[in-house]
Structures are given as C-alpha cells and as structure tokens.
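The values are calculated or read from the model by the stated rules, or taken from the named source; none is laboratory data. Quantities reported herein were computed from a predicted structural model and do not represent experimental measurements. Glycine also receives a Cβ, built like all others from the backbone with ideal geometry; neighbour counts cover every protein chain displayed.
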Amino acid sequence: MSETLQVSTSGGASHDLPITDGTIRATDLKKVPTAAGPLATYDPGFMNTAACRSAITFIDGDEGILEYRGYPIDQLAARASHLEVAYLLLYGELPTAAQLEGWEKQVNTHRLVHENVRDLIDAFRYDAHPMAKLMAGVASMQTFYPSSRRIDDPEARELNMIRLLGKIPTMAAWAYRHSIGRHFVYPNDELGYVDNFLAMLFQSQQRVYRADPRVSRALEVLFILHADHEQNCSTNAVRAVASAGNDVFTSAGAGIGALFGPLHGGANEAVLAMLRGIGSVDRVPEFIEGVKAGRAKLMGFGHRVYKNYDPRARIIKKACDDVFEVTGVNPLLSIAQELERIALEDEYFVTRRLYPNVDFYSGLIYEALRFPPEMFTVLFAVPRTAGWCAQWLEGVTDPEQKIMRPRQIYTGPRERDFVPMAQR
Ligand code: ACO
C-alpha cells in the first residue's frame, strides 16, 4: 500500500494525502483546503519543492551519486562520447553503432550558422562577455528557424534541438574569437564534435587544427560531466520559460542567462579569481579564516544537493592530471589542493557538509588549456545544452506540466488612497 500523509486543519477536517514514490517523498498540499484557499508551501529558492517528474538524471546528494538515465557518471565519462551521452539524455537509451553514426552526422551537418549571426556577434563591443554573445546568438536562433515555435510538432521539436546542439559550439567559438580579434573559423566536416570545437577556437594559420588527443579527450570528459544535472538553476529557467509555450532556442537562451551567475556556472571563473587572489599556499589558512568569519566564500565548495563529495569533482581531478601532462602543471593547483585539504578537515566545512563541487577543479583545466576565465562558463553552456534540450522536451511533452507561476506571501501595504503630488 502506498504511503499517505494525514493533515488535520483547525476546522477538524482531516485529509489523507498520497506521498509520491521517487527520489524525494512529496505530496500535493493544494488538496488541503483552508479558510484562505488551498494550503501552500513557503519555500524560497525551491529548496524543498519538486516542480516536475523527470526520468533523465538521478542524483543522491548524500551518497554523491549521479546517473544519466540510470547509467553512472563515472562509466559514461570513462567510455562514452559527448554526442553519445546527448543521445542518451534525449532519447532515453544508449545508441547502437548505426544510431550513433546517424546521430553524429545529423548534429554535425547543422554546425553552420546563418551569416547574420556573424554580424550579431560582431556588433558587440570588443570587451563584451562571451556569455552575453552566446545568449544573444542562441536566443536569435528562433528568428532564423520559425518552425521551432511549433512546439507541438514532434518533427519540428527534434530538428530544432539538433540544430541547437550542432550550432552552439560554433557560436561559442565565435564569441571567443570576437573577443580576441581573430577571424571566425568555420566548422570542419573532417572533425568530430569536440575536435571541431577546439579547431574553431584555436585554429590559427594551419589548414586544419588538430588538437592533442589527450586534450580533446579531457574536454570530452568535461562535456559529459556537464551535460545534465536535473533541476539546477539554469535547467529550472529553461523549464520555466518553456512552460509558457516557448521554443527550445528561447528557453536555452534563458538557461544561458541563469548559468552566467557566479553562484551557478560562473563559479569556475570565480574559483580562478579566488585562487589568484590568495596567491600562495602559505596564505591559505588566512583565507580560510576569512571564509569562516563571513568575509568571503570558498568558491567551488558547497552544493544545494550534494552533501558529499561531488562525483564530478572526483573525475575532474583525474582529468587535471591528463591535461597537465600535456600543458605542464597549473601553478594554482597547489593552492587549490591546500584549500581542499584544510576545508575537508575544518569543523566549519565539515558540519555544513561543504565539499568541492564540479567548478573547483574545472577552471584549472580550462586555464591550463589557455582559455581566458570569461570562457569558462561558455565551456559549461556548450555541453549543458544537451541536458537543456532533454529537459525542455520532457517539460513541453509532460501532460501534468502547467505554466510555472509560483505564489507569493504578500507583505506590503494594502488599500491606500492615492496621494496627489502636492500633498506628498
Ligand atoms: N563557502 C563558505 N560557506 C558556505 C559556502 C561556501 N562556498 N557554501 C555554503 N556555505 C555556508 C553558508 O554560509 C551557510 O552557512 P550558515 O548555515 O552558517 O548560514 C551554509 O553553508 C549553507 O549554505 P547555503 O548558502 O544555505 O546553501 P545553498 O544550498 O543555498 O547554496 C551554493 C548552495 C549556492 C552552491 C553555495 O554553497 C555557494 O554559494 N557555493 C559557492 C559557489 C559555487 O561554488 N557554486 C557552484 C555550485 S555547482 C554549480 O552550480 C554547477
């Protein structure tokens, strides 16, 4: 028999509410009537609210487990490609060899963007943040592909998600090239998804830029780790915008905006700034004291869901070794390791269950690959597009979904008469 929650209201009525099965136990409180209307929850930041049902990504924050469609993240990171994972997220199953070949072909033939997108990116000031350029480029896509607005048409939905997956590396690379004043590099059919992205970023005078395979594989692993993370801030933004009936480009544009924030995807950029600010290993204890006194935050630590070591951080630590083999060790690594060592023993961090998250080490890799810090969040947005597409699709096809519109507890004044200007 399924579990129920018994709620009694002051009028003496009692209500048996079914508790849903799943990863968190939840019920629908609006089934409890009160004198002022159905019972609501007060939950700033949605810390304890399930906003949808989802079959895409499973997280057990206490145990530090992450699975996409049931497959553990460490197995996917060790053995799959990013496009294989994108297929898994979207369609729910790992592709066969033939399906993967067809899928790669489909996505890769959609890498070119309309020439007007060049002009759009070119129109930004030389020092514009690449995330702003990426957000504008992605949001503009629905104007080039009006079929994307037909969100009830399965074929149009699929085609436009594939377009987005194909084009986002191109726009991301061009956003970067624009900021360094270099010519835009067009996609190359001879190269796979990640290698082509690296070529569009770094090609100089070579006919074809070929990345070191160790670097390319490390970036592929980072892409897989960042592909989805259930109802995080940017995915929630994607789903909220989608819930108003929006296409995948408009919704992903909102996701990029959310990801830009320093408490979310912008944290890896903030980690590097923090490590540089600390400057040397001997200044780590002083910095930690400042964090405990509330003068700073230890960026790259803590997570809304993980109250254990973020499984992605563990895999990234290993990818660090692979990249540093090619690039030489990033000198900031020793500061990061010392911060982690002290924090994992310190009572402040232990009692609050604060552990390194995905952003703690990823910035060190990106910097070793010579990406400027402004590109770090872009390198998060490109792979997260796979998850945003899967979550967008799940949201717009979910018969239980409604326009996302939370309630509020109004605390302001009421029923005041307008005061004419002369009497104020
Ligand atoms: N440094 C110092 N103290 C921290 C940190 C941190 N990084 N994170 C949380 N705390 C403290 C809080 O001050 C709070 O202490 P208190 O109980 O004494 O008030 C307690 O731990 C709980 O923290 P909350 O802020 O309530 O936790 P929440 O779930 O709201 O925040 C968040 C999670 C935003 C990730 C937070 O840990 C943080 O700001 N971390 C740094 C930024 C970061 O690395 N973000 C990347 C997250 S991963 C991602 O988005 C891909």
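Annotations for the structure displayed:
- Checking each residue in region 345-363 for being among the hydrophobic types (A, V, I, L, M, F, W, C) and closer than 26 Å to Gln75 by Cα picks out Leu354, Val358, Phe360.
- Listed here are the strands (runs of 3 or more DSSP E) enclosed by region 1-78 that have at least 2 residues being polar (S, T, N, Q): 4-8.
- Within region 286-298, considering residues that are outside any loop (DSSP other than H, G, I, E, B) and surrounded by 12 or more Cβ atoms within 10 Å (Cβ to Cβ), the one nearest to the ligand (Cβ to nearest atom): Val291
- Number of the condition not met by Tyr361 [criteria: (1) surrounded by 15 or more Cβ atoms within 10 Å (Cβ to Cβ); (2) away from the ligand (no atom under 15 Å from the Cβ)]: (2)
- Filter result for Arg276 (closer than 26 Å to Met200 by Cα and of a type in the set (D, E, K, R)): no
- Among the conditions (1) assigned to a loop (DSSP other than H, G, I, E, B); (2) modelled with pLDDT of 85 or more; (3) surrounded by 15 or more Cβ atoms within 10 Å (Cβ to Cβ), the only one that Leu83 does not satisfy is (1).
- Qualifying positions in region 299-325 - more than 14 Å from the ligand (Cβ to nearest atom) and part of a loop (DSSP other than H, G, I, E, B): none
- Flag if Thr96 is in contact (Cβ under 8 Å) with a residue 40 or more places away in the chain, of a type in the set (S, T, N, Q) and either within 16 Å of the ligand (Cβ to nearest atom) or surrounded by fewer than 17 Cβ atoms within 10 Å (Cβ to Cβ) (or both): no
- Within region 151-239, helices (runs of 4 or more DSSP H) holding 2 or more residues that are out of contact with any helix residue (DSSP H, G or I) (no Cβ under 6 Å at 6 or more places or on another chain) and of a type in the set (Lys, Arg): 154-179
Matching residues to (1) within 16 Å of the ligand (Cβ to nearest atom); (2) of a type in the set (Val, Ile, Thr); (3) closer than 29 Å to Glu338 by Cβ:
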| residue | (1), (2), (3) |
| --- | --- |
| Ala199 | no, no, no |
| Gln206 | no, no, no |
| Phe223 | yes, no, yes |
| Ala240 | no, no, no |
| Phe249 | no, no, no |
| Val271 | yes, yes, yes |
| Met274 | yes, no, yes |
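- Exactly one residue out of Glu340, Glu374 is assigned to a helix (DSSP H, G or I), buried (at least 17 other Cβ atoms within 10 Å of the Cβ) and without any contact (Cβ under 8 Å) to a residue 24 or more places away in the chain, and it is Glu340.
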